[in-house]
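Here is the structure we will look at, set down as structure tokens.
Just so you know, all these numbers are worked out from the coordinates, no wet-lab data involved. The model shown is predicted, which means the values in this text are computed figures rather than measured ones. All Cβ positions, even for glycine, are placed from backbone atoms using ideal geometry, and neighbour counts span all protein chains on display.
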């Protein structure tokens with residue numbers, strides 16, 4: 001299946017599991033998004049976040065967890081909406097996510113159709129104006 005035409009949105013996906021990262025990349029590209037992926041959250045901080053429209057972050061990662069990464073990105077004026085995914089959710093993580101303005105928290109394994117729908121809710125397609 002060929003990728004869908006780009007809708008202009010760039011999504012930064014950060015997950016230390018390369019198989020999960022590849023799966024998210026395929027899903028997002030098929031839905032018409034540009035997926036920028038990173039397996040090392042510390043490199044994300046070093047390389048910047050310009051032009052990102054949505055963050056898709058894993059919570060449990062070595063070096064820095066997804067919420068700490070998000071907090072640091074927020075300090076650096078990254079205001080893109082965020083989706084947090086995790087296999088180790090608890091009430092404390094959910095509370096921290098709410099405090100940082102995370103739009104959606106999903107538990108792994110993530111349902112691909114549901115994830116795609118949440119992304120479309122946060123980044124709706126541009127509406128064409130009649131001529």
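I need the peptides 93-106, 32-45 ranked by packing, meaning the mean over residues of other C-beta atoms within 10 angstrom, with the highest value on top. Provide the component values of the computation, followed by the final result.
Numbers: 93-106: 15.6, 32-45: 18.0.
With the highest mean Cβ count within 10 Å placed first, the list reads 32-45, 93-106.
With only alpha-carbon atoms counted, please give the Rg and Dmax of segment 27-131, in Å.
Just the Cα atoms of segment 27-131 yield Rg and Dmax of 14.3, 52 Å.
Highest GNM mean-square fluctuation, the chain, Cα pairs closer than 10 Å: which of 71, 19, 82?
Comparing 71, 19, 82 in the GNM, the peak value goes to 19.
Assuming 0.36 nm per residue, please report the length gained on full extension of the stretch residue 72 to residue 94 beyond their Cα-Cα distance.
Computed gain between residue 72 and residue 94 is 6.1 nm.
Relative to the first principal axis of the alpha-carbon coordinates of the chain, what is the inclination of helix 18-30, with its axis defined by its Cα atoms, in degrees from 0 to 90 and to the nearest 10?
The angle comes out near 30 degrees.
Quote the FRET efficiency, to the nearest 0.05, computed for residue 46 versus residue 111 with a Förster distance R0 of 41 Å and r equal to the Cβ-Cβ distance.
Once rounded, the FRET efficiency stands at 0.80.
Rounded to the nearest 500, what is the 222 nm mean residue ellipticity of the chain from helices alone, with -39500 (n - 2.57) per DSSP H run of 4+ residues and division by all residues?
Value at 222 nm, helices only: -11000 deg cm²/dmol.
Give me the angle, in degrees from 0 to 90, between the Cα long axis of helix 112-122 and the longest principal axis of the Cα atoms of the chain, rounded to the nearest 10.
The helix 112-122 is inclined about 80 degrees to the chain.
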